[in-house]
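One structure below.
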Amino acid sequence: MKAAVFWQHGGPEVVEIADVPRPQVGPGLVLIAVRAAALNHLDLWARRGLPGLQLEFPHIGGSDIAGVVEEVGDGVAGFGPGTRALVNPSLWCGSCDWCLKGEESLCTSYKIIGEHIRGGLAEFAAVPAANVLPIPDDLSFEEAAAVPLVYQTAWRGLVSRGRLQAGEYLLVTGASGGVSTAAIQIAKHLGATVFAVTAGPEKVARVRELGADHVIDRLESDFSKEVWKATDKQGVDIAFDSVGEAVWPDLLRALARDGRLVTYGATTGAAGQVEIRLTFWKQLQIIGTTMSSASEFNEVMSLVFEKKLKPVIDVVWPLEDAREAHHRLEAGQQFGKIVLTP
Ligand SMILES: [Zn+2]
């Protein structure tokens, strides 16, 4: 089968289209004929290499998969060949203390399809049956592929970890990214007021279209000052961030008393500076979050299926353009999800 692979870590130039063997369908597994797969920042990290990440080469990225069930392994029940489906990229053991508590994203052997094992940037992908979720007929494969990773991350981060309430103020940084666009929609659905930070007039306009109440162009003004002014010197209740190091001091300043910094990434660096006096005086909380539990996943997917949340697609390109897609994501040119179709 055709796949976008890399044989070694490096820049976008290591990504190439190759012919590789079709994955085998063992017991409990399902073979998906991939119709669309989306890129995430994870794909960049996996391609560059991360400490402790041991990949089996050639690696196939792509955590977000949508397609048609081609074949099911022994013991798989509930759906069969021909079912349209998307795939939850979370992999958990099901038997550790965290899994038994229903906290699968805290599983001691937690892994992600496309990061730790081969993903969906290929004509076929083999995934556990528990990860396959049938989709309604009116959801396209491209939309379905734009959903799983970013909506589960935004839902857990805002709802379960951040405890965002109706009427609260939320600040979203890097607002054109996939998780951010999902977060803006979820926050509006929950009745929060959204401040969003992005760069340039074009992105400002698109973020506003998504429903953000106050959009700040970081090229034009200092967002922590803008937030301070717009909230009558109260600050925001939650800052939801994956920009990391470059913005942490400003995020802590922009938070209200009893505010929560919810972090799910560190794109600009991992050494975020924390002003300790500000932290105890305003009684701030710094909360980590990643991916979601299986029940949180099902909860947010049903909102997508009911059209209460609408996936944001940047471009749909053929799989052959995988290297160009890495370039586009790395340069931050996208607005929403980059989707590839084999
Ligand atoms: Zn576990």
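The values are calculated or read from the model by the stated rules, or taken from the named source; none is laboratory data. Treat the numbers as computed from the prediction; the structure is a model and nothing was measured. For neighbour counting, all protein chains shown are included, and Cβ atoms are generated from backbone atoms with ideal geometry for every residue, glycine included. The area values use the complete protein model at the heavy-atom level, side chains included, leaving out ligands, DNA and RNA. Shrake-Rupley method; radii C 1.70, N 1.55, O 1.52, S 1.80 Å.
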Going by what's in this entry, would VAL262 be described as closer than 20 Å to SER160 by Cα, buried (at least 18 other Cβ atoms within 10 Å of the Cβ) and touching a residue at least 12 places away in the same chain (Cβ under 8 Å)? yes
Checked segment 279-304 for anything open to solvent by 50 Å² or more (accessible area, probe 1.4 Å) and part of a helix (DSSP H, G or I); matches are PHE280, TRP281, SER295, ASN298, GLU299
Mind checking which pairs have a first residue in segment 106-126 that is within 15 Å of SER90 (Cβ to Cβ) and a second that is open to solvent by 20 Å² or more (accessible area, probe 1.4 Å) and more than 16 Å from the ligand (Cβ to nearest atom), Cβ under 6 Å, 6 or more apart or different chains? GLU115/LEU42
Is it fair to say ARG257 is exposed (fewer than 13 other Cβ atoms within 10 Å of the Cβ), free of Cβ contacts under 8 Å to residues at least 60 places away in the same chain, over 20 Å from the mean Cα position of the chain (by Cα) and not in a helix (DSSP H, G or I)? yes
Any idea which of (1) within 16 Å of the ligand (Cβ to nearest atom); (2) within 18 Å of ARG84 (Cβ to Cβ); (3) β-branched (Val, Ile, Thr) is the one VAL147 doesn't satisfy? (1)
If I ask for residues that are within 25 Å of PRO51 (Cα to Cα) and more than 8 Å from the ligand (Cβ to nearest atom), which ones from segment 88-105 would you list? ASN88, PRO89, SER90, LEU91, GLU103, SER105
Going by what's in this entry, would THR267 be described as of a type in the set (Ser, Thr, Tyr), at pLDDT below 95 and open to solvent by 40 Å² or more (accessible area, probe 1.4 Å)? yes
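Would you pick out the residues in segment 47-91 that are outside any strand (DSSP E or B) and buried (at least 24 other Cβ atoms within 10 Å of the Cβ)?
GLY61, GLY62, SER63, ASN88, PRO89
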Taking segment 102-125 as the search range and keeping residues that are outside any loop (DSSP other than H, G, I, E, B) and either open to solvent by 30 Å² or more (accessible area, probe 1.4 Å) or charged (D, E, K, R) (or both), which one is modelled with the lowest pLDDT? ILE117
